[in-house]
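Okay, handing you the structure first.
The values are calculated or read from the model by the stated rules, or taken from the named source; none is laboratory data. As the structure is a prediction and not an experimental result, all values here were calculated from the model. Note that we place each Cβ from the backbone using ideal geometry, even for glycine, and neighbour counts take in every protein chain shown.
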Amino acid sequence: MNESKINRFQSFIRQVCEQMKAKEARPHVAREIRQHLEEKCTALQLEGYSREEAEDLAVKEMGNPIDLGQDFNKIHKPRIDWGLSLLFILILGLSMVPIYVLSVESGLQLSFEKKVLSTAIAIAVALCLLFFPYSVLLKWGVWFYTGGILLIILMENYGTQVEWKKMFMIFGLGVDHNVALFLFYLGGAAVLSRVRVYHTLPQKIKLLVILCLPLILLLFSRYLMYALMYISAIAAMLLVSKIDRKTLLHLSVGILVCTGLITTFFLMNVQYVYNRLAGFFSSASHPQAGGYQLNMSKVYLQEASWLNIPWQAPELSRLPDAHTNFIFVSVVHMFGWLVGILFVAILLFIIIRMGYAAIKTKDPFGRSLVVGGATMLLVATLWHVLMTFGLVPITSVSLPFISYGGIQLLFYSTLVGIILSVYRRKDLFPEEDHLSH
């Protein structure tokens, strides 16, 4: 390329980009302008203009670089999803009320101070992720998968046994497989955002192995809910990926078949799951297999009024896991059905808002992150509520943001932070040539 043209074009592009506050968007806008200038210059030369004349006319037709840069600054600037942010703060604030009542009056030996501290940390993490350029995570997709697999192997072999599961104890906090689930979520979003590169049968088989291996590890570690959240997120991300119908059909059938075979083998060989299913179908005959929990859940829900102020200490001693797996029952029992419905409604509004962010996001990786995160949040919320009514089997699943537990709160808050980061940058990376309109 002619040196004078390079200097002329670069000078114009530099002046445009200097008007833009979002530095992340500058390389994309510069590339867009340079491409337009090159195309215009070539077209003018074909019309009979000399090279120098074509360069001058191409730059001149672009207009004033200052005005153009200010226009680009308005288009490509960071956006904050205030709706999701406010709902996130609201649910965190409201979640402290039932934990405070339980810690003061129920005798469950809960630490309200830990709840406040974990909430503050969760907000700080989400705020930091808001300003974090999520796109840098894309190139680490395979490493996220590898890290999650190694973490599960290490935890199962060297972790501390707490009730039925293995975990690492870090500063007094129990870190279980949700860290691996988060790594699989990041890895799945990265892999599926590039799913169009898997064309041949061997490549598709390789992709199926990559996607199904975490499911196997989570199931055989007895983290049933994490396995369901993971495969649901993968299915949702696959549906929004831009691949042809034939490849989508092949992958969907492959994932369904693999999931079915793995789950069937798991159910046939793990007594724990058999007992849970037995308790689900016949709670009276299997009180130690989840039947007792379900019966107590129904009792406390039947005793609840529409609205209540817990002036007296709530009697929840008969309800196991009243602060975690059955926090929805505790909320309804202590404050009434209206408050319980309000909590669930806010969670559903958060998920709907995430869906809106997914629609607005054009970047494939960003869209996969939003859809996958929203799906995991939806699965956990619905399962937690439905199992309290006996509509699905009882398993270990916290109600997002509301149940007691710092690691779980950090997990869901991290999802929110990443989704806020995606939304903030949705206009920084142009997919279209705005100059052509």
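Take LYS114 and decide whether it is surrounded by 12 or more Cβ atoms within 10 Å (Cβ to Cβ) and not in a helix (DSSP H, G or I).
No.
Follow-up. So, of the residues in region 235-256 that are part of a helix (DSSP H, G or I) and among the hydroxyl-bearing types (Ser, Thr, Tyr), which turns out to be modelled with the lowest pLDDT?
THR247
So, restricting to helices (runs of 4 or more DSSP H) that lie completely within region 318-428, which ones have at least 2 residues that are surrounded by fewer than 19 Cβ atoms within 10 Å (Cβ to Cβ) and at pLDDT 90 or above?
Of the helices (runs of 4 or more DSSP H) lying wholly inside region 318-428, those with at least 2 residues that are surrounded by fewer than 19 Cβ atoms within 10 Å (Cβ to Cβ) and at pLDDT 90 or above span 337-360, 364-388.
Return yes when VAL97 is of a type in the set (Val, Ile, Thr), closer than 30 Å to GLU18 by Cβ and either assigned by TED's automatic domain parsing to the domain that holds PHE335 or not in a helix (DSSP H, G or I) (or both) and no when it is not.
So VAL97 fails the test.
Taking the criterion of being assigned to a helix (DSSP H, G or I), touching a Cys at 6+ places or on another chain (Cβ under 7 Å), without any contact (Cβ under 8 Å) to a residue 60 or more places away in the chain and crowded, with 16+ Cβ neighbours inside 10 Å, would at least one residue in region 65-74 satisfy it?
Yes; the residues of region 65-74 include at least one that is assigned to a helix (DSSP H, G or I), touching a Cys at 6+ places or on another chain (Cβ under 7 Å), without any contact (Cβ under 8 Å) to a residue 60 or more places away in the chain and crowded, with 16+ Cβ neighbours inside 10 Å.
Hey, does region 363-371 have a residue that's over 30 Å from PRO78 (Cα atoms) and more than 15 Å from the chain's Cα centre (by Cα)?
Looking through region 363-371, none of the residues is over 30 Å from PRO78 (Cα atoms) and more than 15 Å from the chain's Cα centre (by Cα).
Tell me yes or no: at least one residue of region 215-224 is surrounded by fewer than 17 Cβ atoms within 10 Å (Cβ to Cβ), among the aliphatic types (A, V, I, L, M), more than 26 Å from LYS139 (Cα to Cα) and modelled with pLDDT of 70 or more.
So far as region 215-224 goes, no, none of its residues is surrounded by fewer than 17 Cβ atoms within 10 Å (Cβ to Cβ), among the aliphatic types (A, V, I, L, M), more than 26 Å from LYS139 (Cα to Cα) and modelled with pLDDT of 70 or more.
Restricted to region 52-61, and to residues that are over 15 Å from ILE13 (Cβ atoms) and surrounded by 13 or more Cβ atoms within 10 Å (Cβ to Cβ), which residue is farthest from the chain's Cα centre (by Cα)?
GLU53
Does any residue of region 157-169 turn out to be in a helix (DSSP H, G or I) and closer than 21 Å to LEU218 by Cβ?
yes
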